[in-house]
Amino acid sequence: MKQNQQQIIPVRRMDAQTPLGIEFSHREIEEHDEMAGEVHVNIIHRDDYYMFLFLEMAEGMLTIDFEEIKLTENTVLYVRPGQVHYAVSKLKTKGWYLSIDSVLVEKNYKNMFEEQFFTQRPITLDASVSVRMSETANLLYTSMQADATLFSNGIILGLANIFIGIIAEQYINHKGILLQHKSRSAQIAHQFKEVLSENYKAIKRPIEYAKILNYSLSHLNESVKGITGFSVSYWVHQQIVLEAKRLLYFTDMDVKEVAFSLGYEDHTYFSRLFSKVVGVPPSKFRRKFHE
């Protein structure tokens, strides 16, 4: 689908009129419903917050960082801050939508979501979990609509994290990695991903990440590869190329500007790296998606 290009990828920020940093609603969206604009159908953007979805009914596709995600009924899904996403035009959903500032997400839950190296997929719920989600959602919604009291904010935040926690639990159980997440290698892999996401524009060499984390490169590589199946350098390149794809596809920055924004003074080196990872040069990638 051809999109109108722009200089930057729009970032949707938490409404300044929402001081608690939480938005929660039950939405029923039809393909041609005016409400569709509220969830940015066909509007490419990032969020500076987490979005958690509990879909009671759904038909359509959501694209997250170039991965098409099929939406189906009785599923949960999340979108991390910074992920470029949009819903395709043919969309029909009914369910609960929670938007929440990342600092409000309980640390263990956030760690689980952030240490996922691959693009997340919806998880289908069994009947008992679906009931738990519905009960929690209704209680959270009721609490947010009630008159404010001394303890209102704490109650709302607690319920929001229960809602999030059930979703986190489903992703852990679905992947069969409950014990893995307690392992030392998993902790190291998570530390690496966290540092990578914050420094990939400035730091490119795997040895530098090992130094920051105070591990030998061989130990870091062994840990990351043991958890993900791929080396440190693979993930450094994947992070760089993913952001390059976002900029090439969703903005009108030329290849030199993209390279410079990602910390490369030599745009020809950047182009060779992109070609090696993607299989086509940056210019051809852009043409392919804008034909």
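The values are calculated or read from the model by the stated rules, or taken from the named source; none is laboratory data. No experiment lies behind these values; they were computed from the predicted model shown. Glycine also receives a Cβ, built like all others from the backbone with ideal geometry; neighbour counts cover every protein chain displayed.
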* Filter the helices (runs of 4 or more DSSP H) completely within segment 174-291 down to those with at least 1 residues that are modelled with pLDDT under 90 and closer than 24 Å to residue 109 by Cβ. => 184-199, 217-228, 232-250
* **Answer residue from segment 257-282, given it is of a type outside the set (A, V, I, L, M) and exposed (fewer than 14 other Cβ atoms within 10 Å of the Cβ) and is nearest to residue 237 (Cα to Cα) among those** => 276
* To do: Select from segment 115-129 the residues that are surrounded by 17 or more Cβ atoms within 10 Å (Cβ to Cβ) and part of a helix (DSSP H, G or I) and list them in ascending order.
  => 129
* Residue in segment 232-249 that is of a type outside the set (Lys, Arg), more than 23 Å from residue 83 (Cα to Cα) and either touching a residue at least 60 places away in the same chain (Cβ under 8 Å) or in contact with a Phe, Trp or Tyr (Cβ under 9 Å, 6 or more places away or on another chain) (or both) present -> no
* To do: Have a look at 51, 35 and point out the one that is of a type in the set (A, V, I, L, M), modelled with pLDDT of 85 or more, outside any loop (DSSP other than H, G, I, E, B) and within 27 Å of residue 249 (Cα to Cα).
  => 51
* Asked: In segment 132-178, what residues are surrounded by fewer than 17 Cβ atoms within 10 Å (Cβ to Cβ), small (Gly, Ala, Ser) and within 18 Å of residue 102 (Cβ to Cβ)?
  -> 158, 165
* Might you let me know whether segment 90-103 holds any residue that is in contact (Cβ under 8 Å) with a residue 12 or more places away in the chain, more than 25 Å from residue 162 (Cα to Cα), under 13 Å from the mean Cα position of the chain (by Cα) and not in a loop (DSSP other than H, G, I, E, B)? => no
* Top-ranked residue in segment 108-148 [being under 23 Å from residue 12 (Cα atoms) and more than 12 Å from the chain's Cα centre (by Cα); ranked as modelled with the highest pLDDT] -> 141
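May I ask you to verify whether residue 275 is in contact (Cβ under 8 Å) with a residue 12 or more places away in the chain and not assigned by TED's automatic domain parsing to the domain that holds residue 85?
So residue 275 does not fit the description; no.
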